[in-house]
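Report on the following structure.
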Amino acid sequence: MTLLLLAVCVGVWLLQLIVGVDVTHPSNQALLTWGANFLPYSIGDAPWRMVSSLFLHIGLLHLMFNMFALYYFGQVAERMFGSVNLLLLFILSGLGGNLLNLALGWQALALDELPVISAGASGGIMGIGIALLVTALDRKSTRL
């Protein structure tokens, strides 16, 4: 499952490269076209953006750092929790991160600022990392 998640993220990046998106510094319009999370769209007709944005990255460096973290955290988590649970953890954590982003978007609007466009696997990866940390701490406390 880890390798599948990596393949989907890299595959989306390669598709963007093929169609001419500046994959080092994609424009806001390109990000929105490819499914980035953005408050006015995600709470309107396109709630699917909260999932699609997990596989879209804002430039090559962003993709590389996230794929490095996903590979190492994902390999360990997949052995510990299983493939299906890893996928659920990634998707649900990513959704949680995107919901937080939407809440911050509402806050930005209240302050007369524009909400930000977000994309990336970071929320899913952070959820995997936290699950590994909690599991390690729990196992350590049961040994004491």
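The values are calculated or read from the model by the stated rules, or taken from the named source; none is laboratory data. All values reported here derive from a predicted model rather than from experimental measurement. We place every Cβ from the backbone using ideal geometry, glycine too, and count neighbours over all the protein chains shown. These area figures cover heavy atoms from the full protein model, side chains too; ligands, DNA and RNA do not enter into them. Shrake-Rupley method; radii C 1.70, N 1.55, O 1.52, S 1.80 Å.
Miscellaneous remarks
- Highlighted here are the helices (runs of 4 or more DSSP H) found entirely within region 27-144 that include at least 2 residues which are among the β-branched types (Val, Ile, Thr) and in contact with a Phe, Trp or Tyr (Cβ under 7 Å, 6 or more places away or on another chain): 122-143.
- Residue match in region 92-112 (condition: under 16 Å from Val10 (Cα atoms) and at pLDDT 95 or above): no
- In region 112-130, the residues that are closer than 16 Å to Ile58 by Cβ and among the charged types (D, E, K, R) never reach a residue that is assigned to a loop (DSSP other than H, G, I, E, B) and open to solvent by less than 20 Å² (accessible area, probe 1.4 Å) with C-beta atoms less than 8 angstrom apart, at least six apart or across chains.
- The residues of region 60-74 that are open to solvent by 50 Å² or more (accessible area, probe 1.4 Å) and under 18 Å from Val134 (Cα atoms), listed by number, are Tyr72, Phe73.
- Taking first residues from region 1-24 that are without any contact (Cβ under 8 Å) to a residue 60 or more places away in the chain and among the hydroxyl-bearing types (Ser, Thr, Tyr) and partners that are open to solvent by less than 40 Å² (accessible area, probe 1.4 Å) and outside any helix (DSSP H, G or I), the Cβ contacts under 9 Å between residues at least 6 apart in sequence or on separate chains come to Thr24/Gly59.
- Residue within region 39-56 that is within 14 Å of the chain's Cα centre (by Cα) and either open to solvent by 40 Å² or more (accessible area, probe 1.4 Å) or within 12 Å of Ile128 (Cα to Cα) (or both) present: yes
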